[in-house]
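The values are calculated or read from the model by the stated rules, or taken from the named source; none is laboratory data. Since this is a predicted model, take the numbers as computed values, not measurements. Neighbour counts run over all protein chains shown; Cβ positions are idealised from the backbone, glycine included. Accessible surface is based on the protein model in full, side chains and every heavy atom, while ligands, DNA and RNA are left aside. Shrake-Rupley method; radii C 1.70, N 1.55, O 1.52, S 1.80 Å.
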Amino acid sequence: MSVTGLCEICENATSEHACDLCGRQVCEKHFATSDGVCTACATEGGGGPGSRTDPDELPDGVDTYEF
């Protein structure tokens with residue numbers, strides 16, 4: 001089943017992608033293909049799957065685990 005509609009960010013263009021983080025339906029202009037996320041999530045620091053946080057930027061006492 002295919003669902004088409006307007007981009008949930010600009011509300012002008014036809015949506016062609018779904019954000020991997022929030023699920024927004026977005027157009028080509030508002031989709032960061034390399035990260036698989038919409039521009040709203042990309043600017044909020046979501047970064048998408050595979051993004052890494054610099055351990056030096058974490059507060060003291062916070063550990064990071066990678067699987």
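What are the residue pairs meeting all of these: first residue in segment 19-39, first residue more than 14 Å from Ile9 (Cβ to Cβ) and of a type outside the set (Asp, Glu), second residue open to solvent by less than 70 Å² (accessible area, probe 1.4 Å) and in a loop (DSSP other than H, G, I, E, B), Cβ atoms under 6 Å, and 6 or more apart or on different chains?
Gly36/Gly48
Do you know which of the residues in segment 1-39 that are small (Gly, Ala, Ser) and assigned to a loop (DSSP other than H, G, I, E, B) is farthest from the chain's Cα centre (by Cα)?
Filtering first and then ranking leaves Ser2.
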